[in-house]
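The values are calculated or read from the model by the stated rules, or taken from the named source; none is laboratory data. As the structure is a computational prediction, the values presented were derived from the model and not from experiment. Note that each Cβ is placed from the backbone with ideal geometry, even for glycine, and that neighbours are counted across all protein chains shown. What goes into the accessible areas is simple: the full protein's heavy atoms, side chains included, and nothing from ligands, DNA or RNA. Shrake-Rupley method; radii C 1.70, N 1.55, O 1.52, S 1.80 Å.
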Amino acid sequence: MKFDDMLCKLESPCIIEGEAGKGKSTMLKRIAVLWASERCQQLLEYKLVFFVTLRGTSEGLYETLSDQLFAFTYNWNKVTFLQRIQQLGKKILFLLDGYDEFNSERCREIDDLIKKNYIYNSTVIVSTRTESLGEVRRYGALIVETSDFTLESAKTLIQKVLDDKEANGLLIQLDASDFMKNLMKTPLFLVIACALRMGENNFQMNTQTALFCTLYELMIDRGHNKIKDIKENIVEDNIYLCGDLALNGLFDHQYEFQNEHLTNIKEDILLKIGLLNKYTANKRKPGYRFFHTSFQEYIAGRRLSQLLSSDKTVHVGERFLNKLQTIYDVTNRYKNLLLYTCGSSKTATQQVICHIRNLCRDEMNETSSDFVEFGINLFYESATKKEMNAEFESIFSHKTLHISMHNVGSHHFEFFEHLPGCLSALQLVKLDLFSKKSNVLVEDGDVKSPGDMNELKPQTYISKKIVSLFYDWTQALQTLEVTIKKFDHLNKYDVKFLGKICCCANHLRLKISSSAGITGNLTRVVDNCKRMKELIINNTPLSIEDEAQIVEMTNIKTLGISNMDNEHQQVILDGLHKLVEIETLTLHNISMTEKDGEVLANGISHLKKLEVLKLSDLPNIGSSMDHIVQSISHCDNIKEIHLINCCLTSQTLISLSNSLKKFKNLEILDLSDNLLEDDGTLSLEALGQTLTHLPSLTTLLLPGGRHVKSCLVTLLNHLKGLARLSKLSFRRWNMTDDNVIKLAEYFPTSFGQLSILDLSYNCADNDGWIFLIQALRNLKNLTHFDLSTEEIFIPIGDVVHNLCRAVEFLPCLCSMQLDNWELDNIDIGKMKNQKLIHREGKAHEHFFLVEKN
């Protein structure tokens, strides 16, 4: 949305989040100025607007306003003033800048403005950096994120700020460097670059550290004349003390300092150099700040690198590193500190990498692509490129890298070039090739201007830039997953470029989605992607020739086809028996008749290596489901069976149960969204007896039905012996209070490994849900539960109260679904206070995330 749109849709509290330097403070100041000008219709309703810098708060709201906004000559009565604030309510707008720099313990009243807004009932807009968003997100009624500066805006600002010679020099650097283009998306960095250009014509930037380092050295150099009478060692000592101030400030959450913080520091030296700024206007005590939080982070990182690089002080530096105790601390809270530390010293980089490696050992499940992206940025900022492969390799091992074709930066090229060992250590590299509207035409791979209309050849979707990143035979990727999405056409250069990209992987997974340009061209794609082992096609029509090509891919291990309404897939079904190497087969929402189902069953019976079978949303296959179930019995290696909304009958389920006994390694059985007839009870009892023969089962999603609840106790007695069961669903079981209570009685002694529980679309009422919610406290590994109801359910206060209390007892809980619950604002407010973030969808759709500390 645009800035004006946000003011029109303003809800309180409104949270503006973004990276450092993205213009959050400027936006709040603009709101204040617009209100004062009386030219903004949306702001005319406010009687008073207060702009508050949160890093400089006092002990209370009144005291903070007195310090920051009121002249000393004013003498308001505090009680009367605060009463008037409450009386005006929504007609007062508080602009609270920099929650990431706020010490909430120091000023509870301002914290309550955000977190207990009903006390003051004022309108509140608060800004915070992205890494601190989690501290306030659950209280926000509206959350907006500041976007990047466009390249055009950056060029315009450069031309308006600098004279022609300086502007042209900076624009040349901008055009020549992908890093510079990316850096200029942040307004703060753009302004600093302009300022540096005014003072130093020949400066070059290739990292954020280099940008701040140039500014830092220029400030000290230009301030030298102001301190020439002071001994050099005294100046140097004060600069070190300034680094200590910045570093301790970050870990103490301190961004504004008073005299007591400047012990042993000669403030005059730092003020004349410009490393610190002094603020005295309307203040009882002077405050000292770095000109921006990012600059404080740089000075802190520079100091930490010095501590880690010296034998005399390395133990001090290690004490600071040891304060980073989680991967979240590394990739969010102290991300920039580490980037600037590694950008300042090779020795410090080695120490930082060692610390991160130890954290990775403690958090074995950390495989997120965000962590890998941070690792690449850390490498890019580091003071050396070619000597760090061994140090970095361990933190990339078994991780996933996710790259979008439209967001490739210099740091990716450096990573691919200098850390081939790390690249090979990655378990998976995901590459998204999404179409992007453009007026640029391409002929023979060369870019032509839009004005050249003589030869209108289709544009290539795949850029040469992304090809040059991957097309290097020194790289050996373990698995490359390429997603092609919204390709309306596919010319010969796209096919050629795709082949160049894909040849660097030992194992290729190709995912095609919503790409009509692939239709009729699959053979060309396959011919250029010789290492393809997995093919997944979604919402993309296939020609007969395409299907004929698929059934000739006899070495393929994974085949997935989804959302097809054409009638050509008969070729695939007829030839499925040829694909004897297939380990995973997925067919979802494609048009199939009973006859097609019989052909499919015959094909499945030949897939001796099949481990995963996923059939879903095939509502027209009818009685051929019996044949499919019988064919599964021929697949000795089966580990996962998904038969979702596939005409599963009671008799078919009995047949399946008889076959399952031989699959000792079966881990997942998903029969959800099938509704059994009146005799479903007998079939589920048969299934329950079979389950006792499946010791490896971790996931069981049962079919539903109107009368199946009568076998609940019998089934539960069989299930409680499954020690590894972690995901369980009784969706659409028509359960009432008695049934839900009976299920809950098993929780104190059974199902201790359960992480996901789905009881959606049942018919329990308040008594049943209260009993069950209290019993959930015994499931300490629970990460998600779904208590959505069949009809609209109006919970009493005890239900919501118990739900909020249950969150405290479930340390692993991440989310919950409560569709069809009629929750009012008071209910949702209570849940927000219990660290539950509300994500409301359509009418009566309620999804809650649990905020982690």
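The number of residues in the stretch 640-656 that are part of a helix (DSSP H, G or I) and under 40 Å from the mean Cα position of the chain (by Cα) comes to 2.
Kindly evaluate ARG302 against the criterion of being at negative phi, part of a helix (DSSP H, G or I), free of Cβ contacts under 8 Å to residues at least 40 places away in the same chain and basic (Lys, Arg). Answer is no for this residue.
Residue-wise test of (1) at pLDDT 90 or above; (2) aliphatic (A, V, I, L, M); (3) more than 30 Å from THR207 (Cα to Cα).
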{"residue": "PHE416", "(1), (2), (3)": "no, no, no"}
{"residue": "LEU441", "(1), (2), (3)": "no, yes, yes"}
{"residue": "LYS485", "(1), (2), (3)": "yes, no, yes"}
{"residue": "ILE512", "(1), (2), (3)": "yes, yes, yes"}
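Against the numbered list (1) at pLDDT below 85; (2) under 19 Å from TYR334 (Cα atoms); (3) out of contact with any strand residue (DSSP E or B) (no Cβ under 9 Å at 6 or more places or on another chain), VAL352 comes up short only at (1).
For the stretch 143-199, the set of residues classified as among the polar types (S, T, N, Q) and either surrounded by 14 or more Cβ atoms within 10 Å (Cβ to Cβ) or at positive phi (or both) consists of THR146, SER153, GLN159, GLN173, SER177, ASN182, THR186, listed by residue number. Checking THR331, THR293 one by one, the residue that is touching a strand residue (DSSP E or B) at 6+ places or on another chain (Cβ under 8 Å) and either small (Gly, Ala, Ser) or in contact (Cβ under 8 Å) with a residue 12 or more places away in the chain (or both) is THR293 and no other.
The residue that is nearest to GLN478 (Cα to Cα), among those in the stretch 377-409 that are modelled with pLDDT under 80 and of a type in the set (Ser, Thr, Tyr), is SER394. Applying a threshold of 8 Å to beta carbon distances and a minimum spacing of six or more residues, or different chains, the list of pairs starting in the stretch 754-766 at a residue that is touching a residue at least 12 places away in the same chain (Cβ under 8 Å) and part of a strand (DSSP E or B) and ending at one that is of a type in the set (Val, Ile, Thr) and open to solvent by 30 Å² or more (accessible area, probe 1.4 Å) reads ILE756/THR783; ASN762/THR736. Just one of (1) surrounded by fewer than 21 Cβ atoms within 10 Å (Cβ to Cβ); (2) in contact (Cβ under 8 Å) with a residue 60 or more places away in the chain; (3) more than 11 Å from GLY18 (Cβ to Cβ) trips up SER122, so point out which. (1) is the only condition that SER122 fails. For the stretch 623-640, the candidate set comprises residues that are open to solvent by 10 Å² or more (accessible area, probe 1.4 Å) and within 13 Å of GLN651 (Cβ to Cβ); within that set, the residue that is modelled with the lowest pLDDT is SER623.
With respect to the conditions (1) farther than 23 Å from ASN206 by Cβ; (2) touching a residue at least 24 places away in the same chain (Cβ under 8 Å); (3) open to solvent by 20 Å² or more (accessible area, probe 1.4 Å), PHE371 lacks only one, and its number is (3). Among residues of the stretch 776-790 that are closer than 12 Å to GLN753 by Cα, those with a Cβ under 8 angstrom from a residue that is open to solvent by 40 Å² or more (accessible area, probe 1.4 Å) and part of a strand (DSSP E or B), sequence gap 6+ or separate chain, pair up as LEU782/ILE756; THR783/ILE756.
Rundown of residues vs (1) touching an Asp or Glu at 6+ places or on another chain (Cβ under 8 Å); (2) within 19 Å of LEU694 (Cα to Cα), yes/no style:
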{"position": "ILE590", "(1), (2)": "yes, no"}
{"position": "SER605", "(1), (2)": "no, no"}
{"position": "GLU611", "(1), (2)": "yes, yes"}
{"position": "LEU618", "(1), (2)": "no, no"}
{"position": "HIS627", "(1), (2)": "yes, no"}
{"position": "ASP636", "(1), (2)": "no, yes"}
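Which of the residues spanning the stretch 243-261 are open to solvent by less than 10 Å² (accessible area, probe 1.4 Å), assigned to a helix (DSSP H, G or I) and free of Cβ contacts under 8 Å to residues at least 60 places away in the same chain? Residues satisfying the conditions are ALA246, GLY249.
Restricting the stretch 826-841 to residues that are in contact with a helix residue (DSSP H, G or I) (Cβ under 7 Å, 6 or more places away or on another chain) and either assigned to a loop (DSSP other than H, G, I, E, B) or of a type in the set (D, E, K, R) (or both) leaves a set whose member that is least open to solvent (accessible area, probe 1.4 Å) is ASP827. Of the residues in the stretch 93-106, not one is touching a residue at least 12 places away in the same chain (Cβ under 8 Å), open to solvent by 60 Å² or more (accessible area, probe 1.4 Å) and over 22 Å from ARG138 (Cα atoms). So, LYS780, is that one among the basic types (Lys, Arg) and part of a helix (DSSP H, G or I) or not? Judged against the criteria, LYS780 is not a match.
When ALA775 is tested against the conditions (1) open to solvent by less than 20 Å² (accessible area, probe 1.4 Å); (2) touching a Pro at 6+ places or on another chain (Cβ under 8 Å); (3) part of a loop (DSSP other than H, G, I, E, B), the lone failure is (3). Residues in the stretch 641-659 that are open to solvent by 10 Å² or more (accessible area, probe 1.4 Å) and among the aliphatic types (A, V, I, L, M): ILE644, ILE654.
Do the conditions hold for HIS693, that is, is it closer than 16 Å to LEU715 by Cβ, free of Cβ contacts under 8 Å to residues at least 40 places away in the same chain and part of a loop (DSSP other than H, G, I, E, B)?
Considered against the rule, which asks whether it is closer than 16 Å to LEU715 by Cβ, free of Cβ contacts under 8 Å to residues at least 40 places away in the same chain and part of a loop (DSSP other than H, G, I, E, B), HIS693 comes out as yes.
Residues in the stretch 496-516 that are surrounded by fewer than 21 Cβ atoms within 10 Å (Cβ to Cβ) and part of a helix (DSSP H, G or I): LYS496, GLY499, LYS500, ALA516.
Checked against (1) within 30 Å of LYS662 (Cβ to Cβ); (2) open to solvent by 40 Å² or more (accessible area, probe 1.4 Å); (3) in a loop (DSSP other than H, G, I, E, B); (4) not acidic (Asp, Glu), LEU725 passes all but a single condition, namely (2). In this structure, ASP786 does not satisfy being acidic (Asp, Glu), on the phi < 0 side of the Ramachandran plot and open to solvent by 70 Å² or more (accessible area, probe 1.4 Å).
Within the stretch 262-290, the set of residues being loosely packed, with under 15 Cβ neighbours inside 10 Å and not aliphatic (A, V, I, L, M) comprises THR263, ASN264, ASP268, ASN277, LYS278, TYR279, THR280, ASN282, ARG284, LYS285, PRO286.
Being touching a Lys or Arg at 6+ places or on another chain (Cβ under 8 Å), surrounded by fewer than 17 Cβ atoms within 10 Å (Cβ to Cβ) and among the hydrophobic types (A, V, I, L, M, F, W, C) narrows it down to one residue among LEU44, LEU48; which is it? When all the criteria are applied, what remains is LEU48.
This table checks each residue for (1) farther than 30 Å from LEU247 by Cα; (2) assigned to a helix (DSSP H, G or I).
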| site | (1), (2) |
| --- | --- |
| ASP67 | no, yes |
| TRP76 | yes, no |
| PHE81 | yes, yes |
| LEU88 | yes, yes |
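Scanning the stretch 465-479 for residues that are surrounded by 19 or more Cβ atoms within 10 Å (Cβ to Cβ), under 28 Å from LEU587 (Cα atoms) and modelled with pLDDT of 90 or more turns up nothing.
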